[in-house]
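Undergrad: Pasting in a structure now, in structure tokens, and then I'll have a few things to ask.
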Amino acid sequence: MKVLDTKFAKGFIKCCDDGFRQGWHERNGGNLSYRLTPEEAASIQDDLNEDGAWQPIGTSVPGLAGEYFMVTGSGKYMRNVILDPAANTCVVELDDKGENYRIRWGLVEGGRPTSELPSHLMNHEVKKRVTANRHRVIYHAHTTNTIALTFVLPLKDEIFTRELWEMATECPVVFPEGVGVVDWMVPGGRDIAVATSKLMEQYNVAIWAHHGMFCSGADFDETFGLMHTVEKSAEILVKVLSMTDRKRQTITPDEFRALAKDFHVTLPEKFLFEKSEHYYKDYSLD
Ligand code: 2HA
Ligand code: ZN
């Protein structure tokens, strides 16, 4: 089977295009990866080549040894994925130690997998383990409103989660485990990959201060939908903060508890703190 005839490649291309249309992928911003099932990897063997040399990943992901991934290319534009997927994306295979990769398909005009390959693979390794093999998509985008909030809110998981939950009733149902926040770090390397994958043990969303967001999910719809929901909520919060520094009314901790009961989700109590009268001045949690 041809890579481009598969359901996963079609979903991958649609996700890149949907993200571009949202305005999240200026220039070469953002990247996407998908972990193939063994059946999907077997089905495309006739379309793969053996030309690519093994290259170091830059980190070690033994939990993903031998697996195949479809990923966007470094420096390639999300806008161009739908126009020429074979030039802008690739399928890579990992070696039996999870330390090297080689390109088996795509990037026909040259290039390398995304500069964020270490973050993508370390996130996949964590998510494969903690979701019992369910999650397969890791998506990074430069989501405008979420980035704007990282200049205004303290970079704390509790505060980002609570503020985003309050902005739309669906939020605690869509991301009941909350969101994690990574302080500003140099992108592309192992350190930011380690910090992000630590958060992925607990959350499906990691916000990178002054940069963007990483989301994890079982398929493209779930992962894109999660990114879209968080960013929509961030947009509402930006509008609210632009109008006032104090909300007249909002969803209260007890109302979140009632929602959790009816919608059968568990909301960690650490996000349902009582806000002191100083909260909106300095966002202190006491
Ligand atoms: O692909 O988004 O974080 C460019 C980036 C790096
Ligand atoms: Zn980025």
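Undergrad: Highest mean first, what order results for 21-31, 183-193 on Cβ atoms within 10 Å?
TA: The packing order, highest mean first, is 21-31, 183-193.
Undergrad: Using θ = phi - 60° and the Karplus form 6.51 cos²θ - 1.76 cosθ + 1.60, what ³J(HN,Hα) does each residue of the stretch 28-35 get, whole Hz, x for Gly and Pro?
TA: Each residue of the stretch 28-35 in turn: 9, x, x, 7, 9, 9, 9, 8 Hz.
Undergrad: A further question on this structure: Using θ = phi - 60° and the Karplus relation 6.51 cos²θ - 1.76 cosθ + 1.60, list the HN-Hα couplings for the stretch 221-228 in order, rounded to whole Hz, with x at every Gly or Pro.
TA: After applying 6.51 cos²θ - 1.76 cosθ + 1.60, I find 4, 5, 6, 5, x, 5, 4, 5 Hz.
Undergrad: Starting from the Cα of Lys76, draw a straight line to each of the lysines and keep only those under 25 Å, dropping any in the same chain fewer than 8 residues away.
TA: Hits, sequence-local ones excluded: Lys2, Lys7, Lys10, Lys14.
Undergrad: Now a separate question. As a footprinting exposure proxy, order Glu277, Glu99 by other Cβ within 10 Å, with the fewest listed first.
TA: Listed from fewest to most nearby Cβ atoms, that is Glu277, Glu99.
Undergrad: Angle check, please: helix 157-167 long axis (alpha carbons) against the longest principal axis of the chain (alpha carbons), in degrees 0 to 90, nearest 10.
TA: Relative to the chain, helix 157-167 is tipped by roughly 80 degrees.
Undergrad: So, one more: Report, to the nearest 10°, how far helix 7-21 tilts away from the longest principal axis of the Cα atoms in the chain, using its own Cα long axis and a range of 0 to 90°.
TA: 50 degrees
Undergrad: A further question on this structure: Going by average Cβ density within 10 Å per residue, which order do the peptides 203-216, 57-70, 248-261 take, highest to lowest?
TA: 203-216, 57-70, 248-261
Undergrad: Can I ask one more? Cross-link candidates for Lys128: which lysines have Cα within less than 20 Å, leaving aside residues fewer than 8 places away along the same chain?
TA: Hits, sequence-local ones excluded: Lys97, Lys198.
Undergrad: Taking N as the number of residues in the chain, what is its alpha-carbon radius of gyration divided by 2.2 N^0.38 Å?
TA: 1.04
Undergrad: Taking a quarter of the surface of the Cα convex hull of the stretch 78-139, what do you get in nm²?
TA: Computing the convex hull of the Cα atoms and averaging its projections yields 4.9 nm².
Undergrad: Angle, helix 253-263 long axis vs. longest principal axis of the chain, Cα atoms, 0 to 90°, nearest 10?
TA: Around 50 degrees separate the two axes.
Undergrad: With θ taken as phi - 60° and the coefficients 6.51, -1.76 and 1.60, list the Karplus ³J(HN,Hα) couplings across the stretch 138-150 in order, rounded to whole Hz; mark glycine and proline as x.
TA: 10, 10, 10, 9, 9, 7, 3, 6, 5, 4, 4, 5, 6
Undergrad: Once the cut-off is 18 Å, how many percent of the Cα-Cα pairs in the stretch 156-286 end up in the long-distance tail?
TA: It works out to 56 percent of all Cα pairs.
Undergrad: In terms of Cα to Cα distance under 24 Å, which lysines are near enough to Lys261, apart from those fewer than 8 places away along the same chain?
TA: Lys270, Lys275
Undergrad: To the nearest 500 deg cm²/dmol, what mean residue ellipticity at 222 nm is calculated for the chain from DSSP H runs of n ≥ 4 alone, each contributing -39,500 (n - 2.57), summed and divided by the residues?
TA: So the helix-based figure for the chain works out to -11500 deg cm²/dmol.
Computed from the coordinates by the stated procedures, all read-outs in this text should not be read as laboratory data. Because the structure is a prediction, the values reported are computed rather than measured. For neighbour counting, all protein chains shown are included, and Cβ atoms are generated from backbone atoms with ideal geometry for every residue, glycine included.
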